[in-house]
Amino acid sequence: DMTIQKIQHYNIGDKRTILFWGFWPMEVTVTCPTDVVTIDITVGETTASLDFTVYSPTEDQLQASGHGEGPVPVVLSFDGDNEVYRNAGFAVVEVPAGSGGDGRSNEYAWGTRTGTFYTLYPYSRNGEGALKEVSSEMAAAWSATRVIDALEMMSDSTLDGAAGIASAVDPGKLA
């Protein structure tokens, strides 16, 4: 089960705090219309939140790229905003990794994984086999699918800000 819980909008020039490399809080000045969306996902009896960010092209970028009114294509990014795509008239959606990393006592021992994905699907693996496992990639792919689901849900949501995202981005045109 998934619900959109909150949408926080930022205008150009606003200040917002981001987590640099997912860990260190850093205040930045917003350079394009930006929305931070919080979704709650429930699996069984456990609920966890996941945040993602939508960076929309500015009016100038839309005009220069030839995009006018209506929703624009979306580029999914694990690396945050990318002005090159916004200059081309695309929205950039920053997808969270879904994992918060691992603790290791040596190169073979992995601790219990952290992050939204592992809260819902607990996992730990130890031993030499842990060196070749791909659960972090699975967590990232899972997060991307939850973000796509949330983008598709925007048009039906009555939450403040959802209609703005639904009219600005086209989740049917993803890269």
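Taking all protein chains as they are arranged and a probe of 1.4 Å, the heavy atoms of residue 9 leave approximately 90 Å² accessible to solvent.
To the nearest 20 debye, what is the magnitude of the charge dipole of segment 131-175 about its Cα centre, counting +1 on the Cβ of each Lys and Arg and -1 on the Cβ of each Asp and Glu? Write down the numbers at each step before the final one.
On the way: 3 positive and 7 negative charges, 31 e Å.
Taking the Cα centre of segment 131-175 as origin, the dipole is about 140 debye.
Most tightly packed first, judged by the mean number of other beta-carbon atoms within 10 Å of their residues, the peptides 154-164, 86-96 read 86-96, 154-164. Residue order by solvent-accessible surface for 145, 17 is 17, 145, largest first, with ligands and nucleic acids left out and a 1.4 Å probe. Taking segment 41-77 and a reference point 7 angstrom along Cα→Cβ of residue 87, the backbone N atoms nearer than 18 Å belong to 55-67, 75.
How much accessible area per residue does segment 25-87 have, in Å², with a 1.4 Å probe?
Each residue of segment 25-87 exposes 52 Å² on average to a 1.4 Å probe.
The accessible-area ordering, largest first, of the residues 55, 121 stands as 121, 55, per a 1.4 angstrom probe.
Heavy atoms only, probe 1.4 Å: what % of the accessible area of segment 19-59 goes to carbon and sulfur, would you let me know?
60 percent
The values are calculated or read from the model by the stated rules, or taken from the named source; none is laboratory data. Treat the numbers as computed from the prediction; the structure is a model and nothing was measured. When we count neighbours, we look across all protein chains shown, and the Cβ atoms used for this are built from the backbone with ideal geometry, even at glycine. Protein only, heavy atoms only, side chains kept; ligands, DNA and RNA dropped before computing areas. Shrake-Rupley method; radii C 1.70, N 1.55, O 1.52, S 1.80 Å.
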